[in-house]
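The values are calculated or read from the model by the stated rules, or taken from the named source; none is laboratory data. If you're wondering where the values come from, they're calculated on a predicted model, not measured in any experiment. Because the Cβ atoms are built from the backbone with ideal geometry, glycine has one as well, and the counts that use them run over all protein chains shown.
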Amino acid sequence: MAACVSTQKACMAGPTVAVARSSHRQARMCVVRVNALAQRVEYIWHDGAEGTIEKGMQFNEMRSKTKVLQKPVTSFNAADFPEWSFDGSSTGQAEGRSSDCILRPCYVVPDPIRGGDDVLVMCDVLDASSAPHPTNTRAKLAAIINDKVKAEACLFGFEQEYTMMAKGGQAVYGWPAGGFPAPQGPFYCGVGSESVYGRNLAEAHMDACIKAGLIISGINAEVMPGQWEFQIGPTGPLETGDQVMIARWLLHRLGEEFGIVSTFAPKPMKGDWNGTGAHTNYSTKSMREEGGMAAINAAIERLSKCHPEHITQYGTGNELRLTGKHETCDINEFRFGVGDRGSSIRIPLPVQLAGKGYLEDRRPAANVDPYTVVRLLIKNTLL
Ligand code: ADP
Ligand code: MN
Ligand code: MN
Ligand code: MN
Ligand code: MN
């Protein structure tokens, strides 16, 4: 054991020393340890499921595995990273007999956890014939981005709410064992250990998002204690989906360090507790220009005509959340209003005052697929 430790120390100093002093097997390990050129690449993908709580257990929707490249890729261009494959029969994405699915790198950021030259690579999933897999909602979004959409330079701000659960997912993090905290009121944007649970993870997550170069625009403690929000944006269509997915992966990954399980389930606690949503703020160039309110109103008018199409794709279990209570509009109604947090679409007061800006779609549940929300908003307001 002592020899091994000193060998490892020698390795840090340089491979020649190590090779001279150790057995053949140890020498091979050492050569790997000193290969400063090796780069760890975390291939991340969405398995197509939506985060839920089942049988008291929280299962999330992100998957990843590590590829070590002996020759580092020095660019952040996704096309410079090799495609890879995975066993789709183990992620619910393929049958056992033809189980290979392909990971196609789409978006690369520095890895804020491993540091150095290591990177996180968001991938979309292709089937064995290199066609988009049925769970590949990114490809569906990419397919509708034509010149008209590009000219409108759409921007999105995604308010990702989540609920921290104690390990095992049985109870909300910080809630008294077998009981309940005080009724909702003091927790939203609260401060103090009586009001706020889990800030260490929320802060570590924000920090990681910033180090990864994500466009995170803030965090806040939410209405239900143990519930939090981070915002990604304003970002373009594909970028919004990619960044939200990487931010979700970082939340789950950091949860491993903190012993906290984060869930995007729309209504983790039944009763008089707020659900968990993903308000999506949306603007086009026309909405942001002088007199943009006309474009905002026109978009709302069009959205009012395809409410069911959105609702059916805005997250599994969203009916438990969109009840008309707890700052939501009933799932069967479509209402809009200025500063109205009981509406489907809210026009923020500053937007009304400026006569231009953006709208907020309050309907998506926290477990919604961000590529899908973005696609539906573009499709049903611009195309
Ligand atoms: P709320 O008051 O609903 O809690 P937040 O401050 O949490 O709002 O989130 C607002 C989001 O809207 C932020 O992510 C912000 O970046 C985004 N946003 C701001 N301006 C625009 C815009 N013009 N288009 C799209 N998103 C925008
Ligand atoms: Mn294997
Ligand atoms: Mn918010
Ligand atoms: Mn919120
Ligand atoms: Mn909001």
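Things to note:
- Put simply, of Arg253, Arg288 the only residue that is at pLDDT 95 or above, under 15 Å from the mean Cα position of the chain (by Cα) and among the basic types (Lys, Arg) is Arg253.
- Long-range neighbours under 7 Å by Cβ, at least six apart or interchain, first residue within 15 Å of Gln160 (Cα to Cα) within the stretch 268-281, second more than 9 Å from ligand 4 (Cβ to nearest atom) and of a type in the set (Asp, Glu): His279/Glu360; His279/Asp361; Thr280/Asp361; Asn281/Glu360
- Some residue of the stretch 190-201 being surrounded by 19 or more Cβ atoms within 10 Å (Cβ to Cβ), within 12 Å of ligand 1 (Cβ to nearest atom), touching a residue at least 40 places away in the same chain (Cβ under 8 Å) and within 22 Å of Arg321 (Cβ to Cβ): no
- Within the stretch 258-286, the residues that satisfy the criterion of being in contact with a helix residue (DSSP H, G or I) (Cβ under 9 Å, 6 or more places away or on another chain), part of a loop (DSSP other than H, G, I, E, B), of a type outside the set (A, V, I, L, M) and within 16 Å of ligand 5 (Cβ to nearest atom) are Phe264, Pro266, Gly275.
- In the stretch 162-174, the residues that are touching a residue at least 40 places away in the same chain (Cβ under 8 Å) reach residues that are assigned to a loop (DSSP other than H, G, I, E, B) and among the polar types (S, T, N, Q) with C-beta atoms within less than 8 angstrom, at least six apart or across chains, in these pairs: Tyr162/Thr276; Thr163/Thr276.
- Selection count, the stretch 265-281, where residues are away from ligand 1 (no atom under 16 Å from the Cβ) and surrounded by 24 or more Cβ atoms within 10 Å (Cβ to Cβ): 3
- Filtered by the rule that a residue be of a type outside the set (A, V, I, L, M), at pLDDT 65 or above and over 23 Å from Tyr371 (Cβ atoms), the stretch 29-53 gives Gln39, Arg40.
- Residue match in the stretch 249-257 (condition: farther than 30 Å from Arg114 by Cβ and either outside any helix (DSSP H, G or I) or in contact with a helix residue (DSSP H, G or I) (Cβ under 6 Å, 6 or more places away or on another chain) (or both)): no
- Residue match in the stretch 173-185 (condition: surrounded by fewer than 20 Cβ atoms within 10 Å (Cβ to Cβ), closer than 21 Å to Thr263 by Cα, modelled with pLDDT of 95 or more and not aromatic (Phe, Trp, Tyr)): no
- Leu214 falls short on exactly one of the conditions (1) under 29 Å from Ala142 (Cβ atoms); (2) in a strand (DSSP E or B), and that condition is (2).
- When Arg321 is tested against (1) farther than 15 Å from Ile378 by Cα; (2) modelled with pLDDT of 95 or more; (3) away from ligand 3 (no atom under 16 Å from the Cβ); (4) surrounded by 14 or more Cβ atoms within 10 Å (Cβ to Cβ), exactly one condition is not met: (3).
- Residue satisfying all of: in the stretch 214-232; in contact with a Ser or Thr (Cβ under 6 Å, 6 or more places away or on another chain) and closer than 17 Å to Met245 by Cα; farthest from ligand 4 (Cβ to nearest atom) among these: Ile215
- Unique match (being in contact with a Pro (Cβ under 7 Å, 6 or more places away or on another chain), away from ligand 3 (no atom under 16 Å from the Cβ), over 22 Å from Arg248 (Cβ atoms) and not in a strand (DSSP E or B)) among Pro181, Pro186: Pro181
- Among the residues making up the stretch 354-369, those that are of a type outside the set (Asp, Glu), farther than 10 Å from Ser344 by Cβ and either crowded, with 24+ Cβ neighbours inside 10 Å or touching a helix residue (DSSP H, G or I) at 6+ places or on another chain (Cβ under 8 Å) (or both) are Gly355, Lys356, Gly357, Tyr358, Leu359, Pro364, Ala365, Ala366, Asn367, Val368.
- Members of the stretch 324-357 found to be more than 16 Å from ligand 4 (Cβ to nearest atom), touching a residue at least 40 places away in the same chain (Cβ under 8 Å) and either of a type outside the set (D, E, K, R) or not in a loop (DSSP other than H, G, I, E, B) (or both), listed by number: Ile347, Val351, Gln352, Gly355, Gly357
- Residue that is under 21 Å from Gly241 (Cα atoms), over 20 Å from the mean Cα position of the chain (by Cα) and either charged (D, E, K, R) or within 16 Å of ligand 5 (Cβ to nearest atom) (or both), where the choices are Tyr314, Tyr358: Tyr358
- Hits in the stretch 216-241 (condition: aliphatic (A, V, I, L, M), within 16 Å of ligand 3 (Cβ to nearest atom) and in contact (Cβ under 8 Å) with a residue 60 or more places away in the chain): Val223, Met224, Ile232
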